[in-house]
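*Asks:* Here's a structure for you.
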Amino acid sequence: MAARHNNKLPFNLPQLQNLIKRDPPSYTEEFLQQYRHYKSNVEIFKLQPAKPNKELGELVMFLAQVAHCYPKYLEDFPQQLKELLSYCHTVLDPDLRMTFCRALILLRNKNLINPTSLLELFFELLRCHDKFLRKTLYTHIVTDIKNVNAKHKNNKMNTMLQSFMYTMLQDSNTTAAKISLDVMVELYTRNIWNDARTVNVITLACFSKVTKIQVAGLTFFLGKDENGKKDSDSESEDDGPSARDLMVRYATGKKTTKNKKKLEKAMRVLKKHKKKKKPEVFNFSAIHLIHDPQGKFIGFEINHCREELLTYLIVFWKMSRVNPG
């Protein structure tokens, strides 16, 4: 016990965190001391939520790191953190707000928090005037939805989030609405959300009164999203070697007929692969998904907008050819 006091464990959170992860039962007392300290800091924080609080931030990250070690004690911790963010995010100190978000992402990665409620909160936080925070949230939202649907489609969660995104797309905060649209387009492009519900929501963007949202929606149906990205996106490590890689290998290797034939064969395979991935000039696959026969999801107007959308697309496409970029 003397060694613990010499190291000042209760005040050395990183060291205590490492020790707890190795042997949680032996450090329960020290953990509870920090947990009580966290609770008292939260009460102080509630009185002045706009005031910077480095100590609270450190305690929040500490608890998030060891939450899986003490699930009984920290059962309500994720929900409490979500509520603090939900009620105070507009006035929160930016650094503390980011810390809260990172702690929640950590808890989500440990599977200690429901993905749907957290993602809905993060969509609401896109309204914050904090570019770095919005970028962090966007990355997590796309990654988490991708991971949840990795083995099989989580239709229940997808349906709830798509309905929520429909409301976000009409949000008075144009930045939040645009990022919500970007998320849907990215998920469709990655073949994660490639259903009619997703396309129907994106369709509404084409009729938005906000220019940048309308342009993004039309660009999606024109199939320009992928064309506008750098080639490096389609030639990433996950997709195997690029044409440049193959040429370098041939140039630095022996110039034999056998190697030349190997190169030609590899280039044909690569060309075929890229042709499959290359989007259509018009994203007809998405256009064909525009429907809502029962009018249950979006509403009556979606059943009558296909011809109007195609007209928009033709005009938009012609304008982009006259004035490219």
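The values are calculated or read from the model by the stated rules, or taken from the named source; none is laboratory data. Fair warning: this is a prediction, and the values are worked out from it, not measured in the lab. Every residue, glycine among them, receives a Cβ derived from its backbone with ideal geometry; neighbour counts consider all protein chains shown.
*Asks:* Residues being within 22 Å of Thr219 (Cα to Cα) and either surrounded by 15 or more Cβ atoms within 10 Å (Cβ to Cβ) or in contact with a helix residue (DSSP H, G or I) (Cβ under 7 Å, 6 or more places away or on another chain) (or both): count how many of those fall in region 142-169.
*Replies:* Going through region 142-169 one residue at a time, the tally reaches 6.
Every residue, every condition in (1) at positive phi; (2) of a type outside the set (Lys, Arg); (3) assigned to a helix (DSSP H, G or I); (4) under 13 Å from the mean Cα position of the chain (by Cα), yes or no:
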site	(1), (2), (3), (4)
His152	no, yes, no, no
Lys156	no, no, yes, no
Tyr166	no, yes, yes, no
Ser172	no, yes, no, no
Ile179	no, yes, yes, yes
Leu187	no, yes, yes, yes
Asn191	yes, yes, no, no
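*Asks:* Taking the conditions exactly as written (more than 29 Å from Lys146 (Cα to Cα) and acidic (Asp, Glu)), does Asp95 satisfy them or not?
*Replies:* Here the answer is no, as Asp95 does not meet what is asked.
*Asks:* In region 80-94, which residue that is within 20 Å of the chain's Cα centre (by Cα) and loosely packed, with under 15 Cβ neighbours inside 10 Å is nearest to Glu120 (Cα to Cα)?
*Replies:* Result: Ser86.
*Asks:* If you take the residues in region 174-214 that are among the small types (Gly, Ala, Ser) and surrounded by fewer than 21 Cβ atoms within 10 Å (Cβ to Cβ), which one is nearest to Arg127 (Cα to Cα)?
*Replies:* Looking at the filtered set, the residue picked out is Ala176.
*Asks:* Thr203: assigned to a helix (DSSP H, G or I) and under 23 Å from Leu137 (Cβ atoms), yes or no?
*Replies:* no
*Asks:* Which residues, counting only those in region 22-51, are among the polar types (S, T, N, Q), touching a helix residue (DSSP H, G or I) at 6+ places or on another chain (Cβ under 6 Å) and either buried (at least 18 other Cβ atoms within 10 Å of the Cβ) or more than 24 Å from Leu121 (Cβ to Cβ) (or both)?
*Replies:* Residue satisfying the conditions is Gln33 alone.
*Asks:* Of the residues that make up region 52-64, is at least one surrounded by fewer than 18 Cβ atoms within 10 Å (Cβ to Cβ) and among the polar types (S, T, N, Q)?
*Replies:* Looking for residues that are surrounded by fewer than 18 Cβ atoms within 10 Å (Cβ to Cβ) and among the polar types (S, T, N, Q), one finds none in region 52-64, hence no.
*Asks:* Follow-up. Answer with yes or no whether Asn41 is modelled with pLDDT under 95 and either over 29 Å from the mean Cα position of the chain (by Cα) or at positive phi (or both).
*Replies:* Considered against the rule, which asks whether it is modelled with pLDDT under 95 and either over 29 Å from the mean Cα position of the chain (by Cα) or at positive phi (or both), Asn41 comes out as no.
*Asks:* Among Gly223, Gly217, which is touching a Pro at 6+ places or on another chain (Cβ under 6 Å), crowded, with 17+ Cβ neighbours inside 10 Å and either at pLDDT below 95 or among the basic types (Lys, Arg) (or both)?
*Replies:* Result of the check over Gly223, Gly217: Gly223.
*Asks:* Looking at region 33-128, what helices (runs of 4 or more DSSP H) fall wholly within it and have at least 1 residues that are in contact (Cβ under 8 Å) with a residue 24 or more places away in the chain and either in contact with a Ser or Thr (Cβ under 6 Å, 6 or more places away or on another chain) or of a type in the set (Asp, Glu) (or both)?
*Replies:* 54-66, 94-109, 115-125
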